[in-house]
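Input: a single structure, listed below in structure tokens.
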Amino acid sequence: MDFLDLPATSSASGTVRLPGSKSISNRVLLLAALADGATEVRDLLDSDDTRHMLAALSTLGVGVEDCGGKHWRISGVGGAFPVKQAELFLGNAGTAFRPLTAALALSGGDYVLKGVARMHERPIGDLVDALKQLGAQIDYLGNPGFPPLHIHPATLAGDRAQVRGNVSSQFLTGLLMALPLRQTATTVEVVGELISKPYIGITLAMLRRFGVEVRQDGWASFTVAADARYTSPGEIYVEGDASSASYFLAAGAIGGGPVRVEGVGADSVQGDVRFADALAQMGAQITMGPNWIEARAPQTGRLQAIDLDCNHIPDAAMTLAVAALFADGTTTLRNIASWRVKETDRIAAMAAELRKVGATVEEGADYIRITPPQALTPDAVIDTYDDHRMAMCLSLVSLGGVPLRINEPGCVAKTFPEYFKVFAGIAR
């Protein structure tokens, strides 16, 4: 088994330039592909997920050109994909699989979409059901409600669809991005509570950049006009990844700091910048500019436990679970049911790994409660579950002065291939 041994460290300081946001990168790539005109995409994330999207778009007839230096030129097709028959492999990239399912369902072709085994365990039934309400023809090739999928040409039907909001915001994102392909006014109604609203905020902001304004009734319904068309903005810069910022901000709060992240800040469209607010609630000293955030340890030297509804920062909230090891008291993170349908069951995985380093952990259907140990257990062997965020979060344990082994560290390639090199640059 491949592994990485992290040395015991006790402080962190420095400046980190963040890689591009995964969420924004794959949204921009798909919208650029569907738009009229060529788009110069700059600061694109280089990761497994974006590579899967780029490969898929190329297969579907989109002009994809690597201009070097994280700069790509995407020549849009001005509507539905020109290639009408294809089989696509999308790994474990939910930000590619879900939106492409919607776009291909409305592209008038015959497509097969597959992924790794874990992707075939991640639910997609709510998205498929919503698309079928609009005339899509989609068959499950394995278990009903899950990939792989066989998509057939749609029969245009209906102008309204309903989708549950409490499983994954990627379902609504996929629908909204695909609806301009219908060329008829369409409304999507959200059934129940919409989780991860800031991710829908990213989607709406990106649609706006490509010329499509979505009419909202709060978070309950979204309408795309019949004349909606994507047009290239010419050039677009991808923000730094706010979820990735969480590891370094937490390092600054745990290890003294200051640690500054560049690429996100007060002007960011990403909801995960609010992770900094959660750290501040734990006592960390946070300062922020338009394009940077800086974190230092509390003046008292110790973080304080919090009880927090994490619906607005589901990915970054994982980092709070590890920060809880360095806080006085018991931390409770609530409203995180979506963790269970991510790259792994993150509630169960996080509970198991935190116990290895001595924490007392209680897990529920949609919450996790962490009480730190008197002293961290040294030489723990951390399993990563082929989940990039598990590997990056748990690396912070080493800042508690204990050596740590991370199994299968290469999983960070999903969003941040250079993570451990960058982390080593700030940990002392």
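Key figures for this structure:
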item: FRET efficiency estimate (nearest 0.05) - Cβ-Cβ, Gln162 to Cys67, R0 45 angstrom; result: 0.60
item: Helix 48-59 axis, angle to the chain major axis (alpha carbon atoms, nearest 10°); result: 10
item: Extension gain, Thr59 back to Ala424 (0.36 nm per residue minus Cα-Cα distance, nm); result: 127.6 nm
item: Span per principal axis, largest first, for the Cα atoms of the range 255-403 (Å); result: 38, 33, 26
item: Normalised per residue, the volume of the convex hull around the Cα set of the chain (Å³); result: 121
item: Share, in percent, of DSSP beta bridges within the range 243-342 that are antiparallel, nearest 5; result: 65
item: Relative packing of peptides 191-204, 21-34, 74-87, 317-330 - highest average C-beta neighbours within 10 Å first; result: 21-34, 317-330, 191-204, 74-87
item: Residues of the range 312-354 with amide N under 20 Å of a point placed 7 Å along Cα→Cβ from Asp2; result: 343-344
item: The chain: calculated mean residue ellipticity at 222 nm from DSSP helix runs of at least 4, using -39500 (n - 2.57); result: -8500 deg cm²/dmol
item: Accessible area, probe 1.4 Å, largest first, for residues Phe420, Phe146; result: Phe146, Phe420
item: Taking the range 68-144 and dividing mean pair separation by its residue count, relative contact order in percent (alpha carbons under 8 Å, at least six apart); result: 30
item: Overall Cα dimensions of the range 1-109, principal axis frame, Å, largest first; result: 57, 32, 19
item: Size of charge dipole - the chain - debye, nearest 20, with Cβ of Lys, Arg +1 and Asp, Glu -1, no other charges; result: 220
item: Among Met288, Cys67, Tyr367 - extreme Cα towards positive end, dipole of the chain, charges at beta-carbon; result: Met288
item: Over 22 Å [Cα-Cα, the range 59-194], rounded percent; result: 36
item: Hits among aspartates and glutamates - C-alpha to C-alpha of Lys132 under 16 Å, sequence gap 8 or more where chains match; result: Asp110, Asp159, Glu189
item: Most to least accessible of Met288, Met1 (protein chains only, probe 1.4 Å); result: Met1, Met288
item: Per-pair calculated FRET efficiency, R0 = 56 Å: Trp219 and Thr330 via Cβ, rounded to 0.05; result: 0.95
item: Under 29 Å from the Cα of Lys70 - lysines, other chains or at least 8 residues apart; result: Lys22, Lys114, Lys197, Lys342, Lys414, Lys421
item: Student exercise, the range 221-268 dipole from Lys, Arg, Asp, Glu Cβ charges, in Debye to nearest 20; result: 120
item: By accessible area with a 1.4 Å probe, ligands and nucleic acids excluded, highest first: order of Trp292, Trp339, Trp219; result: Trp219, Trp292, Trp339
item: Distance in nm between pseudo-label sites at Asp267 and Ala205 (7 Å out along the Cβ direction from Cα); result: 1.1
item: Relative contact order for the chain, counting Cα pairs under 8 Å that sit 6 or more residues apart, in percent; result: 19
item: Theoretical FRET efficiency, 1/(1+(r/R0)^6), r = Cβ-Cβ of Arg405 and Ala38, R0 45 Å, to 0.05; result: 0.45
item: Evaluated at q = 0.21, 0.23, 0.26, 0.28 Å⁻¹: base-10 log I(q)/I(0), Debye formula over Cα of the range 224-283; result: -0.83, -0.94, -1.10, -1.20
item: Per-selection metrics, the range 94-142 (Cα): Rg and Dmax in Å; result: 10.4, 29
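The values are calculated or read from the model by the stated rules, or taken from the named source; none is laboratory data. This one's a predicted model, so the numbers in the text were calculated from it and none came from an experiment. Glycine gets a Cβ as well: all are built from the backbone with ideal geometry, and neighbour counts include every protein chain shown. With ligands, DNA and RNA removed, areas are computed over all heavy atoms of the protein, side chains included. Shrake-Rupley method; radii C 1.70, N 1.55, O 1.52, S 1.80 Å.
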